[in-house]
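Below you'll find the structure, written out as structure tokens, and then a few comments.
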Amino acid sequence: MLFRSDAPEYPVNLREIYAPPVVLYVKGALPAGEKHALAIVGSRRTSLYGQEMARKLSYQLANVGAVIVSGLARGIDTCAHKGALQAKGRTVAVIGCGIDIVYPAENDKLADEIIAKGGAVVTEFPFGVQPDKQHFPMRNRIISGWSLGVIVVEANVKSGSLITAKFANEQGRQVFAVPGRADSILSRGTNKLIKDGAKLTEDA
């Protein structure tokens, strides 16, 4: 399906950002007027701690009715989607390629499950557009814009999830970050976010 920015189903929060996508390509369901969404993002390379925190937060938030938005990537994104599904909640996967392509391919079954359980896979890119590193910052602004706040679970200093947090700040969204070990490279990005004013987050 294709939704223009003036369609009732178009995400209310996303419509409010600077230069929202003109159209969204969607597989799955977009309930009209939905506002209560939170993004959970982080690095593709993760620790067990990061995976467990992403699942826990996603499960807890989905269990009280929040829609979990993430990017279908390996690592934290995958755990966030799975946590919401385990809570029998809704989750939205925003991808950086055409709607007819699943990236990474290993998440093909996860994408199908998201759709089957009332969620959606969404992109602004037309059919046939392949994943490209230039597309992911564009995807990240949708993830943050869709949401009331962005929770960064685990990220190094070069993680794309820090771009999502930057967009969130620019869009007037709240930024949350899960603290990590002081000696872990996987926590340097999240710990820096906390130093810079993100809300230290331990549970939902």
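The values are calculated or read from the model by the stated rules, or taken from the named source; none is laboratory data. Just so it is clear, the structure is predicted and the values come from calculations on it, not from any experiment. For neighbour counting, all protein chains shown are included, and Cβ atoms are generated from backbone atoms with ideal geometry for every residue, glycine included. All accessible areas refer to the heavy atoms of the entire protein, side chains included, with ligands and DNA or RNA removed. Shrake-Rupley method; radii C 1.70, N 1.55, O 1.52, S 1.80 Å.
Taking a cut-off of 30 Å between Cα atoms, list the lysines near K133, but don't count ones fewer than 8 places away on the same chain.
Qualifying lysines at Cα under 30 Å: K27, K35, K56, K82, K109, K117, K158, K166, K192, K195, K199.
Over the chain, average the accessible area per residue using a 1.4 Å probe and give it in Å², no decimals.
Here the per-residue accessible area is 47 Å².
I need the Debye-formula profile for segment 96-140: one equal scatterer per C-alpha, no solvent, reported as log10 I(q)/I(0) at q = 0.15, 0.16, 0.23, 0.33 1/Å, two decimals.
The Cα Debye sum returns log10 ratios of -0.37, -0.42, -0.82, -1.20.
When Lys and Arg each count +1 and Asp and Glu each count -1, what net charge do the other residues less than 12 Å away from I194, Cβ to Cβ, add up to?
Spelling it out: positives minus negatives among the neighbours equals +2.
Just to confirm the filter: which trypsin sites (Lys or Arg not before Pro) across segment 99-204 are DSSP coil and have at most 13 other Cβ within 10 angstrom of their Cβ?
Answer by residue number: K133, K158, R181.
What residues have an amide H closer than 5 Å to that of V94, excluding those fewer than 5 places away on the same chain, when H is modeled at 1.01 Å from N in the peptide plane?
S70, G71, L72, V122
Rounded, prolate or oblate: which fits segment 20-105, taking a ≥ b ≥ c as square roots of the Cα gyration tensor eigenvalues, rounded meaning a/c under 1.5, else prolate when a/b beats b/c?
oblate
Using alpha carbon coordinates only, what is the Rg to Rh ratio of the chain, with Rh defined as the Kirkwood radius?
0.93
Assign one of three labels to segment 71-153, namely rounded, prolate or oblate, based on the Cα gyration tensor with a ≥ b ≥ c the square roots of its eigenvalues; rounded applies when a/c is under 1.5, prolate when it is not and a/b is larger than b/c, and oblate otherwise.
In terms of gyration-tensor shape, oblate.
Take peptides 2-13, 85-96 and line them up by average Cβ neighbours within 10 Å, highest first, as a rough protection proxy.
Final packing ranking: 85-96, 2-13.
Local charge sum around L162 (other residues, Cβ-Cβ under 12 Å, Lys/Arg +1, Asp/Glu -1)?
Net charge in that neighbourhood comes out at +2.
Please report, as a whole percent, how much of the solvent-accessible surface of segment 123-190 comes from carbon and sulfur atoms (probe radius 1.4 Å).
Here carbon and sulfur together make up 57 percent of the probe-accessible area.
With unit charges on the beta carbons (Lys and Arg positive, Asp and Glu negative) and the dipole taken about the Cα centre of segment 113-174, which residue among G118, Q171, I142 sits farthest to the positive side?
Q171
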